[in-house]
Structure formats: C-alpha cells, structure tokens
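Values quoted throughout were computed directly from the atomic coordinates according to the rules given, and no laboratory measurement underlies them. Source: prediction; values computed, not measured. All Cβ positions, even for glycine, are placed from backbone atoms using ideal geometry, and neighbour counts span all protein chains on display.
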Amino acid sequence: MSARAVGGATPGGGAWDAAERRARAQVDILIVNCSLFNPTPSLASMVVKHFRMRPSVITYNLSGMGCSAGLIAIGLAQELLQARARTRGLSLPLAGLGSAGRAGSACETAGSGRSMRLCRACEQ
C-alpha cells in the first residue's frame, strides 16, 4: 500500500483526512479480491490495518481465483448486503497485482474478439 490515496492526495491533510476517517467508520463489510496474488497475512487484513479500520469490520479475501474473482466479489457483496440490513460494504479489486494488464494474461491469450469484453471488464 502506498501513502498516496485516491486522487493523488496524501494522508494527513484537512478535508481529505476528515473524509477518510468518516469513510473508515462507515464500512461494515470489506471484500478484497485479487486474481493471482495470495499473501499471508491476507490483503484484507493488510487494508484494515493500514487504514486503521474498526476491528469489527467483516472481511473477505478472495485470491487465486483468476479472472472470476471480480464477479465472485460482486456476487458476494450483493448477497451480504441483502442479508444484512443497513450495512455498508466496500469491494476493493486489486487487479494490478494479478494478471491484469500483463502480456499473456488469461483474457489476452484467450482471444481479442467481442466475446472477451466481459472477461476484460471483470479483470480490470
């Protein structure tokens, strides 16, 4: 994880810091998915620790599932949010750590026609 955040802002400054604190407090479910990379400790626990999220955040780490990890994460988020009233979830895809964007990735080698659009969208 880098110290830089969304939009190139750095932590510790005024409005960004207040927005980050508010967002950390509002997340109830965190789903982190990555196509291939599967470290120990999990990426989900690294995100919770790095951003100092509440210890009660329910985390799911989906790794090593290839291109389907993105679809599985969205399906999981949908099921969890339907089952738990008044919860807020965050799905964090980390395709840059997996095969996405690299020459020879699964979607790239399978073809480049119209049928591969969904695969590329899920991978990214």
For this session: Starting with the highest mean, order 86-92, 26-32 by the number of other Cβ atoms within 10 Å, averaged over the residues of each peptide.
Result: 26-32, 86-92
Exercise. Whose amide H sits under 5 Å from the amide H of residue 91, counting only residues 5 or more places off or on another chain, with H placed in the peptide plane?
Worked result: 31
Exercise. Averaged over all directions, how much area does the convex hull of the C-alpha atoms of region 29-98 cover when projected, in nm²?
Worked result: 4.5
